[in-house]
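A short write-up of the structure that comes next.
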């Protein structure tokens, strides 16, 4: 039902606002706590690392519980985190409460997607999943830039106040609009873990990891990059985040349509941004019009990355949607961790202007995985076509 997909989308906005809402205020956090931007970046990378390490296991453990209760529990933790963070606690405590919701983030995403496609025709599955994933772009166009703008004109803690407000709205809507959804058919852990032995799925997982690493080596430091490499102030950065998100809403919608046509080609098309953007950002220099165009293209090609990664992995094991998606979330966030870590190191060692070239290297690796999967799939099809002699 589309209603369930839109409810999942709303919760996704809360999830993404919490995870990525700090991107626009990392410089302010670093200044407040008197730490380096690379250390402040751990507020994002540690969150992602917890997801990467625990996501699949938490999803398996929670797979037997009522889906409505799981979604409510996850959003409640996100709300708790926002409240504590808004009080500007010591950095160690801020780090601690930041990673708490990470344990349930992949569980929420997998559950929301499962609820959205329950009872849907195969033709509608990618479209319904696309509606849920539009929450990523909507957060980028509404809550994330608004929180960044508010932090630039008021206090950085206001970003967490926005996160808390969005989580509260999502919690209320899920509570009153989603009926109890107990799991009727329980899958054994063994049957779900079988996908880890399939080469095509493992290659798809590697593609996901390389692609997200490529994007987040620069995107994690979006504010710092635009400030240091492009000379933009906090207000202009919030405008750029808004533009980034506006374009992203359209590209997520378009990607959802295109994925129903061809998963591999759609993924490759948007992945091309990891190779193109370093050149666009380099040649745009200090020209504001050129940078606005470059950032619009960046937003268009980046925004469906999580949607493309999840669909690409699930397409190799269509019978294991929830567990495959939890692995997509897990390895995607492992990519966020590596990308953020490498990006922070590059800023300290060479300067923010070099960050997009990290994305170039990992983007090429992701393309190689797509080529390798296509080779294996064609080989598998050819083997099936060979009729054994009697």
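The values are calculated or read from the model by the stated rules, or taken from the named source; none is laboratory data. Since this is a predicted model, take the numbers as computed values, not measurements. Ideal geometry is used to build each Cβ from the backbone, glycine not excepted, and the neighbour counts take in all protein chains shown.
Would a scan of the stretch 335-342 turn up a residue that is over 16 Å from residue 363 (Cα atoms), without any contact (Cβ under 8 Å) to a residue 24 or more places away in the chain and assigned to a helix (DSSP H, G or I)?
No, because not a single residue in the stretch 335-342 is over 16 Å from residue 363 (Cα atoms), without any contact (Cβ under 8 Å) to a residue 24 or more places away in the chain and assigned to a helix (DSSP H, G or I).
Report yes if residue 271 is surrounded by 24 or more Cβ atoms within 10 Å (Cβ to Cβ) and in contact (Cβ under 8 Å) with a residue 12 or more places away in the chain, otherwise no.
On the way: surrounded by 24 or more Cβ atoms within 10 Å (Cβ to Cβ): yes; in contact (Cβ under 8 Å) with a residue 12 or more places away in the chain: yes.
Yes: the conditions hold for residue 271.
Show the residue pairs that are 6+ apart or on different chains and have beta-carbon atoms under 6 Å apart, the first residue being within the stretch 285-297 and on the phi < 0 side of the Ramachandran plot and at pLDDT 90 or above, the second being buried (at least 16 other Cβ atoms within 10 Å of the Cβ) and outside any helix (DSSP H, G or I).
Taking only residues 6 or more apart or on different chains, the pairs are 291/230.
Residue check: is residue 169 over 25 Å from residue 332 (Cβ atoms) and either in contact with a strand residue (DSSP E or B) (Cβ under 9 Å, 6 or more places away or on another chain) or assigned to a helix (DSSP H, G or I) (or both)? Please lay out each step first, then the result.
On the way: over 25 Å from residue 332 (Cβ atoms): yes; either in contact with a strand residue (DSSP E or B) (Cβ under 9 Å, 6 or more places away or on another chain) or assigned to a helix (DSSP H, G or I) (or both): yes.
Against the criterion (over 25 Å from residue 332 (Cβ atoms) and either in contact with a strand residue (DSSP E or B) (Cβ under 9 Å, 6 or more places away or on another chain) or assigned to a helix (DSSP H, G or I) (or both)), residue 169 qualifies.
Looking only at the stretch 348-360, decide whether some residue is outside any helix (DSSP H, G or I) and at pLDDT 80 or above.
Filtering the stretch 348-360 down to residues outside any helix (DSSP H, G or I) leaves 350-351.
Then drop every residue that is not at pLDDT 80 or above, which leaves 350-351.
Looking for residues that are outside any helix (DSSP H, G or I) and at pLDDT 80 or above, one finds at least one in the stretch 348-360, hence yes.
If residue 389 passes every condition in (1) in a helix (DSSP H, G or I); (2) surrounded by fewer than 14 Cβ atoms within 10 Å (Cβ to Cβ); (3) modelled with pLDDT under 90 but one, which one does it miss?
Here residue 389 clears every test but (1).
Quick one: count up the residues across the stretch 1-53 that are closer than 15 Å to residue 332 by Cα and surrounded by fewer than 20 Cβ atoms within 10 Å (Cβ to Cβ).
2
Looking at the stretch 150-164, which of the residues that are assigned to a helix (DSSP H, G or I) and closer than 19 Å to residue 44 by Cα is nearest to the chain's Cα centre (by Cα)? Explain how you work it out, then say what you get.
Applying the first criterion (assigned to a helix (DSSP H, G or I)) to the stretch 150-164 yields 150-153, 158-164.
Those still in the list that are closer than 19 Å to residue 44 by Cα too: 151, 158-164.
Working: 151: 23, 158: 23, 159: 19, 160: 19, 161: 21, 162: 19, 163: 16, 164: 19 Å.
Checked the stretch 150-164; the qualifying residue nearest to the chain's Cα centre (by Cα) is 163.
Could you tell me which numbered condition residue 79 fails, if it satisfies all but one of (1) buried (at least 23 other Cβ atoms within 10 Å of the Cβ); (2) more than 23 Å from residue 334 (Cβ to Cβ); (3) within 20 Å of the chain's Cα centre (by Cα)?
Only one criterion in (1) buried (at least 23 other Cβ atoms within 10 Å of the Cβ); (2) more than 23 Å from residue 334 (Cβ to Cβ); (3) within 20 Å of the chain's Cα centre (by Cα) is unmet by residue 79, namely (1).
Kindly evaluate residue 324 against the criterion of being more than 13 Å from the chain's Cα centre (by Cα), crowded, with 21+ Cβ neighbours inside 10 Å and in a helix (DSSP H, G or I). Write out each step before concluding.
Values: more than 13 Å from the chain's Cα centre (by Cα): yes; crowded, with 21+ Cβ neighbours inside 10 Å: yes; in a helix (DSSP H, G or I): yes.
So residue 324 passes the test.
Taking the stretch 136-181 as the region of interest, how many residues are over 27 Å from residue 235 (Cβ atoms) and out of contact with any helix residue (DSSP H, G or I) (no Cβ under 9 Å at 6 or more places or on another chain)?
Matching residues across the stretch 136-181 total 2.
If the requirement is being touching a helix residue (DSSP H, G or I) at 6+ places or on another chain (Cβ under 6 Å), surrounded by fewer than 16 Cβ atoms within 10 Å (Cβ to Cβ) and in contact (Cβ under 8 Å) with a residue 24 or more places away in the chain, which of these qualifies: 205, 218, 235? Before you say what the answer is, go through the steps one by one.
On the way: 205 fails: surrounded by fewer than 16 Cβ atoms within 10 Å (Cβ to Cβ); 218 fails: surrounded by fewer than 16 Cβ atoms within 10 Å (Cβ to Cβ).
Testing whether each residue is touching a helix residue (DSSP H, G or I) at 6+ places or on another chain (Cβ under 6 Å), surrounded by fewer than 16 Cβ atoms within 10 Å (Cβ to Cβ) and in contact (Cβ under 8 Å) with a residue 24 or more places away in the chain leaves just 235.
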